[in-house]
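Single-structure report; data block below.
The values are calculated or read from the model by the stated rules, or taken from the named source; none is laboratory data. No experiment lies behind these values; they were computed from the predicted model shown. Cβ placement follows ideal geometry from the backbone for every residue including glycine, while neighbour counts extend to all protein chains displayed.
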Amino acid sequence: MRLVGQSLLVCLALCGSVGGAVAQSMSGIRLKEDLSKTSTLGMKPSASQEMGPFSMRKWVFQDGNELAVTARRSDGRIVYLESSWGGRVAGSPTDYPGVNFGETTLADLRARLGSNGFTYVSRTMFEIPDGIGTANSYEVASSSGAVVTFISVVKKGDIDAVRTGKRKLGEVAKVDSIVLADASYLDGLWGKERRADPNAMPVRWNDGAAATAPAAVTTAGDGVVGLVRALECNGGFKPEVVLGALQKAGAIGTKPAQNGDGIPSFVPRTRIEFHGLTATTVEGWNHQGRMFSRGPGTAPPIHVGITVLGDEKEVTETLRRNGVPVSPYVEGKPFLYVTGADYFDPTLSAKYRGRKLSSVICSIH
């Protein structure tokens, strides 16, 4: 689904103004910046068009994902950014921490952001070539006039199941595009009529930092809090206590999905997030504790960790943006590091085949 096409059709009628300063960005490009800033992308746009009072550009990246930018011709200031999934690799990260293309569901968004936000009436439900789209918008806190909109798509094969009640919309609608735009521009593009969730509130999104909820979303209470504190690597912990608390809270099961070198890895039963990263598995090891064993000739370090989507560079940068830098090794002190990962369990290996994985680990030597 590509909103840039619709922008081209209606932008002749638009002439909005941009509000206050905005820190949020897409591919490093921000609202209110000059259109010339897009030169930092290091590649020429795949499409360019001047229409009425606006200039429009689009880039298609190597992974198939796209970036569309609209700016006022009068002063060159950017009023609209849209990042769209190319459909190749589900789970590729968006510019909004913790939200992944083709993987994050509408229900996930509601849980993460605390509400449905508000909807432009014209965008409540709309047909697209792939199926049906729906849009959830949120004002951005501390950024006057900025609105972030998540476009979720129900594929054609799931439409009948949703209409007959066999499947819930929130379970099958998955994020396909994210729009960051000036509210007055959107009023002209999509209309001023809105319908808001009574619980809607602005979201926080500061230079990529996670929004609304604390940096770690603790959907399983104290069990996840203990894991987050251990991973932040500011003090000592016992892996058996951390994993045991997760099991007691129902956040992970009692049986590991895989057990390489005596290190048990558990698949989360609920969403576990750590500073913008979503855990695909949780692991830990200690030389004592009934849940641990030791493989022949091995002595793993005492640690807890999570495996997440993304390569080492991407994951390290996400942590850095969220104020959690990796730490150098110092004898006798906990240290946080990121390393490449993969799965040998057949089910996990098949599920994440073709995707980059990394482990975020706090180790105690």
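If you check Gly19, Gly52, Gly42 for being at pLDDT below 90 and either touching a strand residue (DSSP E or B) at 6+ places or on another chain (Cβ under 7 Å) or more than 19 Å from Gly86 (Cβ to Cβ) (or both), only one passes: Gly19.
Of all residues in segment 39-59, those satisfying the criterion of being more than 15 Å from Ile29 (Cα to Cα) and part of a strand (DSSP E or B) are Ala47, Ser48, Gln49, Glu50, Met51, Phe54, Ser55. The residues of segment 229-250 that are part of a loop (DSSP other than H, G, I, E, B), within 27 Å of the chain's Cα centre (by Cα) and among the small types (Gly, Ala, Ser) amount to a single one, Gly250. Looking across segment 116-159, the residues that are within 22 Å of the chain's Cα centre (by Cα) and either among the aromatic types (Phe, Trp, Tyr) or at positive phi (or both) come down to Gly117, Phe118, Tyr138, Ser142, Phe150. Quick check: anything in segment 255-263 modelled with pLDDT of 90 or more and exposed (fewer than 13 other Cβ atoms within 10 Å of the Cβ)? Yes - at least one qualifying residue is present in segment 255-263. Among the residues of segment 177-190, the one identified as crowded, with 22+ Cβ neighbours inside 10 Å and acidic (Asp, Glu) is Asp182. Name every residue in segment 72-114 that is within 21 Å of Ile128 (Cα to Cα) and of a type in the set (D, E, K, R), in order of residue number. Once the filter is applied, which keeps residues that are within 21 Å of Ile128 (Cα to Cα) and of a type in the set (D, E, K, R), segment 72-114 yields Glu82, Arg88, Glu103.
Here's the yes/no breakdown for (1) surrounded by 22 or more Cβ atoms within 10 Å (Cβ to Cβ); (2) within 18 Å of the chain's Cα centre (by Cα); (3) in a loop (DSSP other than H, G, I, E, B); (4) modelled with pLDDT of 85 or more:
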{"residue": "Lys192", "(1), (2), (3), (4)": "no, no, yes, yes"}
{"residue": "Ala210", "(1), (2), (3), (4)": "yes, yes, yes, no"}
{"residue": "Pro214", "(1), (2), (3), (4)": "no, yes, yes, no"}
{"residue": "Leu227", "(1), (2), (3), (4)": "yes, no, no, yes"}
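Screening segment 94-190 for strands (runs of 3 or more DSSP E) wholly inside it with 2 or more residues that are assigned by TED's automatic domain parsing to the domain that holds Ala68 and either in contact with a helix residue (DSSP H, G or I) (Cβ under 7 Å, 6 or more places away or on another chain) or without any contact (Cβ under 8 Å) to a residue 40 or more places away in the chain (or both) returns the ranges 126-128, 131-139, 146-155, 174-182. If you go through segment 286-309 one residue at a time, do you hit one that is surrounded by 14 or more Cβ atoms within 10 Å (Cβ to Cβ), closer than 21 Å to Lys248 by Cβ and among the aromatic types (Phe, Trp, Tyr)? Within segment 286-309, one or more residues are surrounded by 14 or more Cβ atoms within 10 Å (Cβ to Cβ), closer than 21 Å to Lys248 by Cβ and among the aromatic types (Phe, Trp, Tyr). Any residue at all in segment 71-79 that's within 20 Å of the chain's Cα centre (by Cα) and assigned to a strand (DSSP E or B)? Taking every residue of segment 71-79 in turn, none turns out to be within 20 Å of the chain's Cα centre (by Cα) and assigned to a strand (DSSP E or B).
Of the set (1) more than 24 Å from Ala200 (Cα to Cα); (2) among the hydrophobic types (A, V, I, L, M, F, W, C); (3) in a strand (DSSP E or B), all apply to Ala90 but (3). Residues considered: Thr318, Thr254. Of these, the only one that is more than 16 Å from the chain's Cα centre (by Cα), among the hydroxyl-bearing types (Ser, Thr, Tyr) and not assigned by TED's automatic domain parsing to the domain that holds Asn100 is Thr254.
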